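To start, the structure under review is shown below, and the notes come after it.
Coordinate-derived values only; no laboratory data. Only a predicted model underlies this, so the values are computations on that prediction, with no experimental measurement involved. Cβ sites come from the backbone with ideal geometry, for glycine too, and all protein chains shown count toward neighbours.
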Amino acid sequence: MSQLLHDEQQQGNTQQTSCSAPSSISLKELSLELSGTKILKNVSFDLSSAGINCLVGPSGAGKSSLLRCLTLLYDNWQGKITMDGIAIQSWPKGADALRRHIGLIAQKPSIFPTSIYQNVIFGLSRQERKQDQQKWVEACLRKAALWDEVCNRLFDPASTLSIGQQQRLCIARVIALNPNVLLLDEPTSSLDPRSKQLIEASLYDLAKNIPVLCVTHDLEQAQRLQGQMIFMCDGKLIETAPTNDFFQSPKRLETREFLRWSVCNCDE
């Protein structure tokens, strides 16, 4: 693990903020069909109450679609998804309330046309916004490894940030809601190495308290993050294993082919 990642982890240990109580996620026989095409095929796995999980597989494997099912952006799936034993389709107060508990970070940062400060507190309720949020904003930005770079310009437009900084701002905005689970879809695919390292360090720290599910095509990144590997292909779950076991002694032929060639023949 890089020295930078180690330093950021140590820094994160000193922060005051923490996410909500850890949650466990369970998927049972999850299937999804869109426009007559089967996208997900009986996918089942569990996420523990904390730790990093890297979801890998070739393009078109169904990884991003799975994240959308978890947040009810797709709601026409079959099977069962539960968080802490509660079916997410029956979540109290509906999908909007669920999304306060399950944070989703997209591949491209989505910032709002307002200040850095206002972006962090954007998802808070009106009552929460009326309270003094200065310390909370600082804590969230520290958790996202961004505070030192923006502490003197919190009220500058968020659009003045670099792409890597904008992505970390999106992470801070999700952290502000105290999520129980954090989902990320290729969060560092277009970032420079420095920004990538900072985000990885932030994820490593957050995963000490909540489950983090990160879709990535970067297998070196998955090795750095450690945790549980989840390999999908052609809409099917192929193999799950701890990171070292996955890379050093994969059980499935499809996994070995993917690790060697970045392709597999799971649909044959």
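At a glance:
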quantity	calculated
Theoretical gain in end-to-end length, D192 to F122 [0.36 nm per residue, Cα-Cα removed]	22.5 nm
Burial order of peptide ranges 205-213, 184-192, 151-159 (average beta-carbon count within 10 Å, highest first)	205-213, 184-192, 151-159
R0 of 35 Å, Cβ-Cβ distance H217-D156: FRET efficiency to nearest 0.05	0.60
Positive-end extreme of charge dipole, the chain - chosen from Q89, I105, L146 (charges on Cβ)	Q89
Given charges at beta-carbon only (K, R positive; D, E negative), |dipole| of region 3-261 in Debye	460 debye
Set of aspartates and glutamates near K251 by C-alpha distance (under 15 Å), chain-local residues within fewer than 8 positions excluded	E239
Rounded to 10°, Cα long-axis angle of helix 134-143 versus longest principal axis of the chain	40 degrees
Listed peptides 140-149, 67-76, 90-99 by packing density, highest first (mean Cβ within 10 Å)	140-149, 67-76, 90-99
Gaussian network model of the chain, Cα within-10 Å springs - most flexible of E254, E29, E128	E128
Label-point separation in nm, K135 to D46, each point 7 Å along Cα→Cβ	3.8 nm
Whichever lysines have a C-alpha closer than 19 Å to that of K108, once near sequence neighbours (fewer than 8 apart) are set aside	K63, K196
